[in-house]
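No lab work stands behind these numbers, since they all come straight from the coordinates. Computed from a predicted model, the values in this text were never measured in an experiment. Cβ sites come from the backbone with ideal geometry, for glycine too, and all protein chains shown count toward neighbours.
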Amino acid sequence: MIREALLYARIVFIASIYIYSTILDLKYREVSDDIWVLSYPVGLSLLALDLTISPTHIAETILFIILSIVLAITPAFLGLYGGGDAKALILLALTIPRYPDICKPILAYTTPITPLTCFNNGILLALTTSMYTLTVNLKTLLTGGSPFSEFTDLNLLKTIPLYLFCYKVPLEYFAEKDYLYPAESLEIVDGKFVRKIKITININYDSKARLEILKKYRELKIDKIYVSFGIPLLLFFTIGFLLAPIGDILLSPILSIFYD
């Protein structure tokens, strides 16, 4: 009974911090470190209290914490997502590192590491933006448009994958949407500016760089630009955590192949 109450307290705690941080990230594109600094001791205290009441799986819990922290910081170190996303996963690792043994996921198979489940669910949800991008490009193609025809250096094999990663919008629309990142750049070839596809997975794209590219495109009277989504991954991690009671949506089908 006490352990169940503690579990619900930990879940509500993580959900509250995640939702609040996501709102800040969507609104200001930044989450204060104070949120994580203040949250870590609380989450760790709740976990320690649970282990004190039921001192089982302590070694496994510590191992899962270490693995989860490595999982959290490695992509951030590589520039694949922001520090706030890593700190959010670390908070989960310090609070609920292990899938609770007092509850069962809806899916038959799931990973026992809660941050991994949150990560996998979040990444899978983030990939849904590719379906939107594909839909936009196919609509353009079917209505007489020619996606990526502006780039003379692209062949068919290079063009097909781009249908999933970027699409064209009016330049001024791009200027108003902070969640859109440029998927092209201007390079000087034989003394002339040439547009080149340049998709980056690095999230370190600041407002100064945005203003510079807007200025140059306006000077060259280019009224449309190819973009990719830059929606905060923390939003998808939040949804991924809320879906954790279902299980690991990404790995469950794979695990079922080996265990069925």
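Helical content alone sets the calculated 222 nm signal of the chain at -19500 deg cm²/dmol, taking -39,500 (n - 2.57) per DSSP H segment of four or more residues and averaging over every residue. Among complete DSSP H helices in the chain, those whose alpha-carbon atoms stretch at least 30 Å along the helix's long axis and whose mean Kyte-Doolittle hydropathy reaches 0.0 are 2-28, 33-53. By the count of neighbouring beta-carbon atoms within 10 Å, fewest first, Phe229, Phe119 end up ordered Phe229, Phe119. Projecting the alpha carbon convex hull of the range 116-195 along each direction and taking the average yields 7.4 nm².
Of the trypsin sites (Lys or Arg not before Pro) in the range 131-233, the ones in a loop by DSSP (not H, G, I, E or B) with at most 15 other beta carbons within 10 Å are Lys177, Lys198, Lys221. For the range 207-260 versus the range 21-38, the spacing of their alpha-carbon centroids is 18 Å. Strictly over 26 Å apart at the Cα level, which of Lys192/Lys224; Lys27/Lys104; Lys27/Lys221 would you flag in this model? The answer is Lys27/Lys104; Lys27/Lys221.
Pairs of Cα atoms nearer than 8 Å and 6+ residues apart set the relative contact order; for the range 108-260 it is 44 percent.
Sorting Asp25, Asp34, Asp178, Asp85 by the number of Cβ atoms found within 10 Å of their own Cβ, with the fewest placed first, yields Asp34, Asp178, Asp25, Asp85. Given the alternatives [x] 0.96; [y] 1.20; [z] 1.03, Cα Rg over 2.2 N^0.38 Å as computed for this entry is given by [y]. Taking Lys and Arg as +1 and Asp and Glu as -1, the other residues whose beta-carbon sits under 15 Å from that of Thr133 total +2.
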